[in-house]
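Presented below is the structure to which this report refers.
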Amino acid sequence: MAQSGVQKDVRRSEGYWRANVKVQVSLLIVWGIVGLVLAVLLAEPLNNVVIGGFPLGFWIAQQGAIFVFVVLIFIYARRMDRVDEEYDVHEEGLGSARKRVQTSGRKSSSAEGGDR
Amino acid sequence: MELTTIQAWAVFFAFLTFALYITIAIRTRVNTTAGFYVAEQGIPPVANGAAIAADWMSAASFISMAGLISFLGFDGAIYLIGWTGGYVLLALLLAPYLRKFGKYTVPDFVGDRYSEAARTVAVVAAVFVSFTYVAGQMRGVGIVFSRFVGVSITAGVIIGMAVVLFYAVIGGMKGITWTQVAQYTVLIVAYLIPAWAIAGTVADIPVPQISFGTIARELDGLQQDFGLNEYTAPFTNRPMQDVFLVALTLMIGTAGLPHIIVRFYTTPSVRAARYSAGWALLFIAILYTTAPAVAVFAKTNLLNDIAGQQYSARPDWVRNWEATGLMVFDDTNNNGVIDSITPDATTTPGEMTVSPDIIVLANPEIAGLPAPVVGLVAAGGLAAALSTASGLLLVIGSAIGHDLYYKRFRPEATEKQRLMAGRLAIAGAVLVAGYFGVRPPGFVGQVVAFAFGLAAASFFPIIVLGIFWKRTNAHGAMAGVITGLSFTALYMWATLYGGMEPWFDISPEGIGTIGAIINFVVTYFVSKATAPPPAEVQALIEEVRHPRLGDAQTIRLPEQEAERVGGPRATN
């Protein structure tokens, strides 16, 4: 019984880590495209487009990329909240995350409970 | 001493803000090492975000950055995307795991993950990077005092030292954190008020971020009239591959700076560490998206006011700054007209030398804003310099008091002795930093610019691999750091002093990315060729990767873990 519990934990822990890396890779691709490809490598052609008074390449390099970076970190934090709950490794007693656990995380935690 | 109106306002704001910082320090004083080094891990994400922002934005960000950008045009984006993009790497690849690790310092992680030798190397590197940085901050405090209050730079440094000494020694990380929250508020208000006021005078919409596009395109024409490159055209100062590599080096280097990483140790949870990275970058972005607008407004005003004008008819603000030696006119063709402008006459020829440092400081005067606003800018510059200095001093103090004294030499030390060691180490660091502020060693100015490349080539790869690839071992990490660091340092030295032609036009500031790649590759192959790390290290990685996983059992005993996570906060 204990043996199967440990194995289950190992499996779940690997699944959690894969999900975590998946979130990171997708966000880092956006980070690279905006922060390096659009802001630097494609800046010259993009500068021929003018939006809101700004040459587009210049705007991305000096404004747009920064906004995207901020949004990326908040998306990461939100998506990891969900992944943490899904794999039941979320921290307890930390405000709003707790509430969602009760509804969405119920199934997986009761399955674990039966193990003990 | 007779004070001018501006000086009186500067003294008033400096006094008011210093009183605030000291009050906060007294109210947040600590008696435990957990409070002293990681603020009892009780800092909420928004407050931690503000503290990180203040910690990060130094005298250089506040005073110099807009000026640098105004002379670089488009290419100034290296600082903007480089110093903000790094937070994405930090938030995704480092912050949550180092928070879960939950010890006090960056060398702690390196030591536990790899070896005691690696810990010592990390201590030396952390202290070296922090000292080169902090000397510039103390100097910044001295310069702001001397310009706005009229005392000597030395007196200014000593006043700054006294304030930092007081709040860092009694409050430790907790005192520093809450003071930084206040300092962020002061510096952002001081930055935004003049920026919005100037935007209101030059454009229809007083929001700098929106209105500077049109002005930037006017500036394109103005610059061309004056024989300069188009402002918004890319790669006029640096070739594309160099802009790419410098930006990437600054990103990777930012993620490897110890005084920023340790701030994530102070949050109550892994989840809070993730959100505090977001808040930090949001707070930083408020200044970093305003700075390029300030750069455009200031450059436009500067060109309109002096370019091609008779020197004898120059405006009053030019005369004021000439008195400080930061604007110098050298009429090389003796025609009495200001024919060209340069940020530094030793590297680029030009008749009117304008130090980039005055762009932010002189902006309110150029735009004719009232004296209280100018005084407020002085308080903002002091807040930026002091907040960064205190964060760096804590890193130095903890490296010596915790990693060296306690971990390496006196593991039997009592809590009381450890706390005293931490306080003494910080006090000592303040004195050394103050000395460097009064007598800056020649290498400091250059080293700060390259610190990012060195941080990128050394710590970032082995910390990231240490978390994401279990197979990384101590041999691999040591070999990676040594090759990555020596390659980067040698290239910098050879191109700066050895007369070597840069490869593919890659500047010494941009080489850190290549050093980091070398570090990654060497660490990988040496780790592969040697034995895997011991089981307890693999268990540590497993633990660090999961927000709630203490040992093999706790993953199935949530209530026990809740007690542990909730424990330290209950004492707060």
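The values are calculated or read from the model by the stated rules, or taken from the named source; none is laboratory data. Since we're looking at a predicted model, the values are computed, not measured. A quick note on method: Cβ atoms are made from the backbone with ideal geometry, for glycine too, and the neighbour counts reach across all protein chains shown.
Among the residues of region B:12-35, not a single one is among the aromatic types (F, W, Y) and under 14 Å from B:T266 (Cβ atoms). The residues listed here are B:S115, B:S130; of these, the one that is modelled with pLDDT of 80 or more, more than 23 Å from B:V11 (Cα to Cα), small (G, A, S) and touching a Leu at 6+ places or on another chain (Cβ under 8 Å) is B:S130. Flag: B:L90 does not match the condition of being under 17 Å from B:T388 (Cβ atoms), surrounded by fewer than 21 Cβ atoms within 10 Å (Cβ to Cβ) and touching a residue at least 60 places away in the same chain (Cβ under 8 Å).
The test for being among the aromatic types (F, W, Y), out of contact with any Cys (no Cβ under 6 Å at 6 or more places or on another chain) and surrounded by fewer than 24 Cβ atoms within 10 Å (Cβ to Cβ) holds for B:F101. The residue that is farthest from the chain's Cα centre (by Cα), among those in region B:235-249 that are facing chain A (nearest Cβ under 7 Å) and closer than 10 Å to A:V40 by Cα, is B:M240.
Kindly establish whether B:T254 is over 25 Å from B:W279 (Cβ atoms), in a helix (DSSP H, G or I) and more than 10 Å from chain A (Cβ to nearest Cβ). Considered against the rule, which asks whether it is over 25 Å from B:W279 (Cβ atoms), in a helix (DSSP H, G or I) and more than 10 Å from chain A (Cβ to nearest Cβ), B:T254 comes out as no. Would you confirm whether or not region B:531-551 contains a residue that is within 12 Å of another protein chain (Cβ to nearest Cβ), at pLDDT below 75, out of contact with any strand residue (DSSP E or B) (no Cβ under 7 Å at 6 or more places or on another chain) and crowded, with 18+ Cβ neighbours inside 10 Å? Among the residues of region B:531-551, at least one is within 12 Å of another protein chain (Cβ to nearest Cβ), at pLDDT below 75, out of contact with any strand residue (DSSP E or B) (no Cβ under 7 Å at 6 or more places or on another chain) and crowded, with 18+ Cβ neighbours inside 10 Å, which makes the answer yes. Residues of region B:257-281 being closer than 27 Å to B:V124 by Cα, more than 16 Å from the chain's Cα centre (by Cα) and part of a helix (DSSP H, G or I), which ones? Selection gives B:Y265, B:T266, B:A273. Kindly establish whether B:I78 is among the β-branched types (V, I, T), closer than 20 Å to B:G256 by Cα and either crowded, with 24+ Cβ neighbours inside 10 Å or not assigned by TED's automatic domain parsing to the domain that holds B:V181 (or both). The answer is yes for B:I78. Residues being at pLDDT below 90, among the hydroxyl-bearing types (S, T, Y), more than 25 Å from B:A60 (Cβ to Cβ) and in the same structural domain as B:G35 (by TED's automatic domain parsing) are entirely absent from region B:421-435. Considering A:V25, A:V10, A:V68, the condition of being assigned to a helix (DSSP H, G or I), at pLDDT below 85 and within 10 Å of chain B (Cβ to nearest Cβ) is satisfied by A:V10 alone.
Among the helices (runs of 4 or more DSSP H) lying completely within region B:2-100, list those that include at least 3 residues that are away from every other protein chain (no Cβ under 14 Å) and not aliphatic (A, V, I, L, M). So that I can check it myself, show each step before the final result.
Numbers: elements: B:5-27, B:33-38, B:45-56, B:65-72, B:77-89.
Output list reads B:5-27, B:33-38.
Taking the stated definitions as given, is A:G15 modelled with pLDDT under 80, surrounded by fewer than 19 Cβ atoms within 10 Å (Cβ to Cβ) and either part of a loop (DSSP other than H, G, I, E, B) or more than 10 Å from every other protein chain (Cβ to nearest Cβ) (or both)? No.
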